[in-house]
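Each remark here refers to the structure printed beneath this line.
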Amino acid sequence: MVSAGAGVLLVACGDNGLDPFAPLPTASDAPPPQSSSSQQSSQSSQSSPSGPQAEVSAQQGEPSAESSDESSDDRSAQAEVSTELPEPLVYIIPRPARQGDSVLLLVEAPGAQAASMSWQGQAFSLLKHDDRFVGFVGIDANEQIGPHALGVAVWGPSGEQLLWQETVIEISAVEWTVDDIQIDGPNAALLEPAIRAEDYAAREPFQSTLTPQLHWLGVFDPPSSGEITALYGEQRSFNGGPISEYHTGIDFGGLTGSSVTAANAGIVSWAGQTRRRGNGLIIDHGAGVYSGYYHLSELLQTPGVVVQQRDLIARMGATGLATGPHLHWEVVVRGVTVNPLPWLRLLEFPDPDRELNPANAIAATNLVRG
Ligand SMILES: [Zn+2]
């Protein structure tokens with residue numbers, strides 16, 4: 001575990017773990033290894049980045065996950081490096097990643113104007129933070145294991161492309177626990193797929209937007225003082241049926257009416273009710289990172305309100321599909337529910353291998369180069 005303010009080891013994006021800071025080949029020396037890379041590089045250089053807040057079109061082409069199958073260990077694809085500005089340095093943490101991880105892409109590029117990344121069919125801008133650009137992607141608990149391609153582009157002050165680099169993140173498997181949950185009485189009706197879909201459709205628009213600001217720095221706090229009673233990723237079946245879903249967050253036990261606090265600063269993006277989740281509240285932390293709080297007995301904030309870390313936002317309850325009072329808390333990154341544990345400063349459960357904390361790494365100043 002890394003405490004706040006501690007130096008964070010960042011694994012540099014060197015593809016093979018050797019020397020990521022060796023001079024990159026020029027475009028003429030090293031043509032892109034595949035057409036999709038060439039397409040993106042070409043189109044990216046034609047675009048006129050209007051700053052880090054500019055959403056990059058997903059139609060600019062992207063390295064697909066499938067295309068990474070043909071990759072070798074060294075995937076540095078192509079680079080056009082300005083002689084006037086320092087070469088952008090790319091960091092990816094954690095690397096390799098596991099199912100359920102949040103991955104931080106951090107680019108040190110003093111003097112650069114904009115940067116973007118491409119991942120799983122989407123290209124989007126990175127956020128400028130001092131001399132760095134940051135972006136997050138979420139990896140689903142059941143994401144396909146193996147290599148996944150990630151592209152990075154950086155532009156200079158005149159719109160010239162400083163860097164185009166494609167690399168591979170290896171995603172490894174996690175052996176999630178499996179549990180069968182007995183639900184009876186009126187709650188059994190809430191297991192209907194249509195009700196689950198209705199719940200998701202009501203909340204999804206409020207947790208999937210890439211807000212181009214960072215509303216927070218530093219690690220998150222547990223939103224409840226209760227003990228953790230269920231972990232993220234648990235593969236769940238109901239009443240003896242087949243596995244139908246996984247647990248998208250972690251549960252805190254407690255009494256109805258106990259305090260629920262903001263895990264970190266942000267803006268309330270949704271406060272409402274669905275049949276499946278009961279009363280719920282979502283906080284937009286910016287940069288595509290959201291936290292959600294569910295089964296609440298009482299909502300104490302409304303959409304649009306700015307909250308600070310540890311602000312009281314709601315009270316614990318058992319509304320929706322709940323077998324008793326608890327807080328279901330989840331973290332959503334770029335629309336994907338991820339393991340919340342790496343985002344927390346205080347871990348009630350042993351966190352098997354989380355030495356790196358994406359939330360903490362943004363502010364890290366002493367980058368250890370791999
Ligand atoms: Zn839960």
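The values are calculated or read from the model by the stated rules, or taken from the named source; none is laboratory data. The shown structure was predicted, so the numbers you read here are calculated from the model rather than taken from an experiment. We place every Cβ from the backbone using ideal geometry, glycine too, and count neighbours over all the protein chains shown.
Taking residue 110, is it at pLDDT 55 or above and assigned to a loop (DSSP other than H, G, I, E, B)? Write out each step before concluding.
Numbers: at pLDDT 55 or above: yes; assigned to a loop (DSSP other than H, G, I, E, B): yes.
Judged against the criteria, residue 110 is a match.
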| For region 269-306, what are the residues that are under 23 Å from residue 214 (Cα atoms), among the β-branched types (Val, Ile, Thr) and crowded, with 21+ Cβ neighbours inside 10 Å? | 282, 283, 289
| note | Of (1) under 21 Å from the mean Cα position of the chain (by Cα); (2) part of a loop (DSSP other than H, G, I, E, B); (3) within 21 Å of residue 186 (Cβ to Cβ), residue 319 fails just (1)
| What residue, of 68, 72, is in contact with a Lys or Arg (Cβ under 9 Å, 6 or more places away or on another chain), modelled with pLDDT under 50 and surrounded by fewer than 24 Cβ atoms within 10 Å (Cβ to Cβ)? | 68
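From 141, 123, grab the single residue that is assigned to a strand (DSSP E or B), small (Gly, Ala, Ser) and outside the structural domain of residue 323 (by TED's automatic domain parsing).
Working: 141 fails: assigned to a strand (DSSP E or B).
It is 123.
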| Do we find that residue 220 is modelled with pLDDT under 95 and in contact with an Asp or Glu (Cβ under 8 Å, 6 or more places away or on another chain) in this structure? | no
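Name every residue in region 215-253 that is away from the ligand (no atom under 13 Å from the Cβ), part of a loop (DSSP other than H, G, I, E, B) and buried (at least 18 other Cβ atoms within 10 Å of the Cβ), in order of residue number.
215, 216, 219, 222
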| query | Does region 158-172 contain any residue that is assigned by TED's automatic domain parsing to the domain that holds residue 142 and in contact with a Cys (Cβ under 8 Å, 6 or more places away or on another chain)? | reply | yes
| request: Scan region 97-113 residue by residue and report those that are over 13 Å from residue 85 (Cβ atoms) and out of contact with any helix residue (DSSP H, G or I) (no Cβ under 8 Å at 6 or more places or on another chain). | output: 97, 98, 99, 100, 105
| message | Here is a list: 259, 297, 291, 269. Which entry is within 16 Å of residue 340 (Cα to Cα) and in contact (Cβ under 8 Å) with a residue 40 or more places away in the chain? | response | 291
| query | So residue 337 fits all but one of (1) in a loop (DSSP other than H, G, I, E, B); (2) in contact with an Asp or Glu (Cβ under 9 Å, 6 or more places away or on another chain); (3) within 16 Å of the ligand (Cβ to nearest atom); (4) at pLDDT 95 or above; what number is the exception? | reply | (1)
| field | Positions within region 100-118 being more than 12 Å from the chain's Cα centre (by Cα) and touching a residue at least 40 places away in the same chain (Cβ under 8 Å), in sequence order | value | 106, 107, 108, 109, 111, 112, 113, 114, 115, 116, 118
| Selection within region 205-214 - in a helix (DSSP H, G or I) and surrounded by 14 or more Cβ atoms within 10 Å (Cβ to Cβ) | 206
| said: Tell me yes or no: at least one residue of region 168-183 is in contact (Cβ under 8 Å) with a residue 24 or more places away in the chain, out of contact with any strand residue (DSSP E or B) (no Cβ under 8 Å at 6 or more places or on another chain) and more than 16 Å from the ligand (Cβ to nearest atom). | reply: no
